[in-house]
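Engineer: The structure under discussion is supplied below as structure tokens; questions concerning it will follow.
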Amino acid sequence: MTIDTSFDFRTGMDGKDPDRYSEKLRKYHQFLWSKPLPTGGCLALDDQLVNHSDAGPFIFSSDSIIHTFSYWNSMQDIIRQIPETVIADFDSLSYTIGGMTIFPSNKVDGKYTINQERGTNAQIKDRLDLTLECIRLYYLGEESPLYDCLSRYEDFFRLFGDFRGYIEFFLFQDIINGSDMTVRFMHPFTKFGEHVLPESEPEYWSYMHNCMDFLHKRNARISFWTRK
């Protein structure tokens, strides 16, 4: 399959959520993540993102992982200071395949999925870097705002062996410091719950630059991977 890394999955959606309704996005996910696992075996997804391999009875859903926060009420004073064309370009890039991943979509004990929890947790606010920091800590057995939620999906995370295995499987290397497998934060991080979102125009420009740099690099990595 040819992956168009420039394609904005909002195209033709008439305002509907691409994560739920884009057939093209599901087919891209199916192609990208149906592959050998670092612990042995493989994932074999169908076009509804249901796994059909011996790895387990997993059902996945798409998740948009980079956010401009341009529609958040709390961010409007800052967003108004950024040219609309710049925000539009950031939005469009965030909806390319580089800004997408999958998580298990089944609820455990009626509680939030990973997708839902990271989007509603006030200490994470849908940020990929903070989500990955929680996953890194999970593999180390350390607490984080998402620890209980991630623990409900132990069978999923076991597929990758460790944090490195998870990062390399989902092609997240460009948000990681390779030498020690620590997260490169899009926005300065000291501890969970502090300064979760940019608080000034300069901070937003820095956050946006870091996000877009990651998206360009991950798209390039995805494109290279598909040609291997």
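Engineer: Examine the stretch 177-198 for a residue that is in contact with a Gly (Cβ under 9 Å, 6 or more places away or on another chain) and of a type in the set (D, E, K, R), and state whether such a residue exists. Steps first, please.
Structural biologist: So in the stretch 177-198, the residues in contact with a Gly (Cβ under 9 Å, 6 or more places away or on another chain) come out as none.
No; the residues of the stretch 177-198 include none that is in contact with a Gly (Cβ under 9 Å, 6 or more places away or on another chain) and of a type in the set (D, E, K, R).
Engineer: For residues that are without any contact (Cβ under 8 Å) to a residue 40 or more places away in the chain, assigned to a loop (DSSP other than H, G, I, E, B) and farther than 18 Å from F103 by Cβ, tally how many sit in the stretch 5-28. Spell out the reasoning first.
Structural biologist: Our first condition is that a residue be without any contact (Cβ under 8 Å) to a residue 40 or more places away in the chain; within the stretch 5-28, this holds for 11-17, 21, 23-24, 26-27.
Pick out the ones that are also assigned to a loop (DSSP other than H, G, I, E, B) and you get 11-17.
Now restrict to residues that are farther than 18 Å from F103 by Cβ: 11-16.
Total satisfying the criteria: 6.
Engineer: Also, I was wondering about something else. Cβ-Cβ distance below 6 Å, separation of 6 or more or different chains: which pairs start in the stretch 66-77 with a residue that is within 21 Å of R218 (Cβ to Cβ) and end on one that is among the acidic types (D, E)?
Structural biologist: Taking only residues 6 or more apart or on different chains, the pairs are H67/D126; T68/D91.
Engineer: For the stretch 29-69, name all the residues that are surrounded by 18 or more Cβ atoms within 10 Å (Cβ to Cβ) and farther than 29 Å from L197 by Cβ.
Structural biologist: First, the residues of the stretch 29-69 that are surrounded by 18 or more Cβ atoms within 10 Å (Cβ to Cβ): 29-30, 32-33, 43, 45, 49, 51, 55, 58, 60-69.
Hits for the stretch 29-69 are Q30, L32, W33, L43, L45, L49, N51, A55, F58.
Engineer: When the residues of the stretch 102-111 are narrowed to those that are part of a loop (DSSP other than H, G, I, E, B) and either surrounded by 17 or more Cβ atoms within 10 Å (Cβ to Cβ) or among the acidic types (D, E) (or both), which ends up farthest from the chain's Cα centre (by Cα)? Give the derivation first.
Structural biologist: First, the residues of the stretch 102-111 that are part of a loop (DSSP other than H, G, I, E, B): 105-111.
Checking the rest, the ones that are also either surrounded by 17 or more Cβ atoms within 10 Å (Cβ to Cβ) or among the acidic types (D, E) (or both) come to 105, 109.
On the way: S105: 14, D109: 24 Å.
It comes out as D109.
Engineer: Still on this structure: Search the stretch 177-188 for residues that are free of Cβ contacts under 8 Å to residues at least 40 places away in the same chain and pair each with any residue that is part of a strand (DSSP E or B) when their beta-carbon atoms are under 9 Å apart and the residues are at least 6 apart or on different chains.
Structural biologist: Sorted first by the residue in the stretch 177-188, then by its partner, the pairs are N177/V183.
Engineer: Related question: Could you tell me whether any residue of the stretch 112-130 is modelled with pLDDT of 95 or more, in contact with a Pro (Cβ under 6 Å, 6 or more places away or on another chain), open to solvent by 40 Å² or more (accessible area, probe 1.4 Å) and more than 27 Å from F224 (Cβ to Cβ)?
Structural biologist: Yes, that holds for at least one residue.
Engineer: Filtering the stretch 172-228 down to residues that are surrounded by 13 or more Cβ atoms within 10 Å (Cβ to Cβ) and basic (K, R), which residue is nearest to W72 (Cα to Cα)?
Structural biologist: Filtering first and then ranking leaves R184.
Engineer: Got a number for residues in the stretch 149-161 being farther than 18 Å from S34 by Cα and surrounded by 15 or more Cβ atoms within 10 Å (Cβ to Cβ)? Even if it seems obvious, please write down each step before you answer.
Structural biologist: Quick first cut of the stretch 149-161, residues farther than 18 Å from S34 by Cα only: 149-154.
Those still in the list that are surrounded by 15 or more Cβ atoms within 10 Å (Cβ to Cβ) too: 149-150, 152-153.
Summing the residues that are farther than 18 Å from S34 by Cα and surrounded by 15 or more Cβ atoms within 10 Å (Cβ to Cβ) in the stretch 149-161 gives 4.
The values are calculated or read from the model by the stated rules, or taken from the named source; none is laboratory data. Predicted, not measured: the structure shown is a model, and the values here were computed from it. As a convention, Cβ positions derive from the backbone with ideal geometry for all residues, glycine included, and neighbour counts pool all protein chains shown. Note: accessible area is taken over every heavy atom of the protein model, side chains too, but ligands, DNA and RNA are not part of it. Shrake-Rupley method; radii C 1.70, N 1.55, O 1.52, S 1.80 Å.
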